[in-house]
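Trainee: Can you keep this structure in mind? I'll have questions shortly.
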Amino acid sequence: MKRLLHSALNLLSALPFPGYCPICNRESINGSGWMCDICWRDLPLAGKNLWRSETTLKGACLAVFQYSDTARQFVHQMKFYGREDIAARLGSETAGRFADWMDISRYSAVTSVPLHPARIRERGYDQNLILARAVAERLSLPLRTDFIRRVKHRPPQSRLSDEERRHNLKDAFAPQPNLNQPPQGTVLLVDDVIHTGATALGCIEALERTGVQRVFVLAACG
Ligand SMILES: [Zn+2]
């Protein structure tokens, strides 16, 4: 009972005051009850190419926002406190910056780094899919969820070493059995936070087996 009360208090203290931005304490005019438009605008950008190895892995990766303390806070809210609205906003903001920097005409579809069905049941939603949907909407590209799936349920990656991550993600993704014809051109693979790139590389390998020609990884944070 004591533990339950403690976790309820923890949850409450992590929630922002309704109507006020938890970052700057200004009154939030966008009504989302989370970060205000000014803080979204001022969020530090990463804008970095993390890797580009188009010959061997047919992929490249760009992270839009720095994984700063603020970004860490909203990713935490998005993943562990049921804030699907933050995922949608983050997806839209990520896509907006990406469209400012890149020629988006070369992309033919958007897909997401899939979560395992057990993780989706546990969380109640798939934050990567919400992000990807918002990216697809903002860029007017089709969202495809029929390419790959996650076949291994593993512990969260954050506590593992780089080597353990790579081992953990080996064969974690596979082509979907009900795959439709993949599109020509480059597919945008959307992920929330990119660390070592091991997850994205696992997805790219599975995507290659579906016949997707090129992959560009778009990470919200990195
Ligand atoms: Zn603010």
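The values are calculated or read from the model by the stated rules, or taken from the named source; none is laboratory data. Remember, predicted model here, so these are calculated numbers, not experimental data. Because the Cβ atoms are built from the backbone with ideal geometry, glycine has one as well, and the counts that use them run over all protein chains shown. Side chains included, ligands, DNA and RNA excluded: accessible areas come from the protein's heavy atoms. Shrake-Rupley method; radii C 1.70, N 1.55, O 1.52, S 1.80 Å.
Trainee: List every residue pair whose Cβ atoms sit under 7 Å apart, with the two residues 6 or more apart in sequence or on different chains, where the first one lies in the range 91-119 and is free of Cβ contacts under 8 Å to residues at least 40 places away in the same chain and the second, anywhere, is open to solvent by 30 Å² or more (accessible area, probe 1.4 Å) and assigned to a strand (DSSP E or B).
Mentor: Short answer, once both residue conditions are applied: Leu115/Arg150; His116/Arg150.
Trainee: So, in the range 59-76, exactly how many residues are surrounded by 23 or more Cβ atoms within 10 Å (Cβ to Cβ) and assigned to a helix (DSSP H, G or I)?
Mentor: Of the residues in the range 59-76, 1 are surrounded by 23 or more Cβ atoms within 10 Å (Cβ to Cβ) and assigned to a helix (DSSP H, G or I).
Trainee: Follow-up question, since we're still on this one. Looking at Arg106, Arg138, Arg121 in this structure, which one is among the basic types (Lys, Arg) and surrounded by 14 or more Cβ atoms within 10 Å (Cβ to Cβ)?
Mentor: Working: Arg106 fails: surrounded by 14 or more Cβ atoms within 10 Å (Cβ to Cβ); Arg121 fails: surrounded by 14 or more Cβ atoms within 10 Å (Cβ to Cβ).
On inspection, the qualifying residue turns out to be Arg138.
Trainee: Further question on the same structure: Evaluate the following for Thr94: is it part of a strand (DSSP E or B) and within 20 Å of Gly222 (Cβ to Cβ)?
Mentor: When the stated conditions are applied, Thr94 does not pass them.
Trainee: Of all residues being more than 16 Å from the ligand (Cβ to nearest atom), under 22 Å from the mean Cα position of the chain (by Cα) and modelled with pLDDT under 85 in the range 12-53, which is farthest from Trp101 (Cα to Cα)? Just the residue, please.
Mentor: Keep residues of the range 12-53 that are more than 16 Å from the ligand (Cβ to nearest atom), which gives 12-14, 45-53.
Still in the running and under 22 Å from the mean Cα position of the chain (by Cα): 14, 45-53.
Subsequent filtering for residues that are modelled with pLDDT under 85 retains 14, 47-53.
Working: Ala14: 34, Gly47: 9, Lys48: 11, Asn49: 12, Leu50: 15, Trp51: 17, Arg52: 16, Ser53: 20 Å.
Among those residues, the one meeting the criterion is Ala14.
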